[in-house]
Amino acid sequence: MAAFVPENDGTTIIYIRVYQKFVRFPIISTLINSIIMRFNKLVLNQDKNVVTSQIPKVSDIYNRELLVQSDAPIILFRKYLHENAKIDKN
């Protein structure tokens, strides 16, 4: 499971947690979890170049994107940014 948590306008923290039930022996389970985490870090490092090279787009509640119910955290974050932008202008 991964959680992408925006820290500010240009930084996001990624939290990763591994869950697996197919190995029940503690020592082997720890080894499998370690392998899975190394793979996750490998993939994240490969994606890092793509993400950091993109030009940041304005995230606003008035974008013409079609957001669905699973995008509720995005909508909430954009409303938060919009409300704070109003406060900063005053």
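Each value in this text was obtained by applying a stated rule to the coordinates, not by laboratory testing. The shown structure was predicted, so the numbers you read here are calculated from the model rather than taken from an experiment. Heads up, the Cβs are rebuilt from the backbone with ideal geometry, glycines too, and the neighbour counts pull from every protein chain shown.
Taking the number of other C-beta atoms within 10 Å as the exposure measure, put Met37, Met1 in order starting with the fewest. Don't skip to the end; give the middle numbers.
On the way: Met37 13, Met1 7.
Ranking Met37, Met1 by Cβ neighbours within 10 Å, fewest first, gives Met1, Met37.
How many nm is it between the label spots at Ile13 and Phe25, if each spot is 7 Å from the Cα in line with the beta carbon?
So the label points at Ile13 and Phe25 sit 3.7 nm apart.
If each residue of separation counts as 0.36 nm, what is the full-extension length gain between Asn40 and Ala72 once their alpha-carbon separation is subtracted? Provide the component values of the computation, followed by the final result.
Working: separation 32, 0.36 × 32 = 11.52 nm, distance 2.54 nm.
Here the segment from Asn40 to Ala72 would lengthen by 9.0 nm.
Go through (1) 57, 35, 25; (2) 58, 28, 26; (3) 61, 27, 22 and flag the label whose value is the computed Cα extents along the principal axes in Å for this structure.
(2)
Going toward the positive end of the dipole of the chain, with +1 on Lys and Arg Cβ and -1 on Asp and Glu Cβ, which of Tyr15, Phe25, Ala72 do you reach last?
Phe25
Kindly express, to the nearest 10 degrees and within the range 0 to 90, the angle between helix 72-89's C-alpha long axis and the longest C-alpha principal axis of the chain.
That helix lies at roughly 40 degrees to the long axis.
What residues of the range 1-21 lie in the reach of a label at Ile32, counting those whose backbone N is under 12 Å from a point 7 Å from the Cα along Cα→Cβ?
19-21
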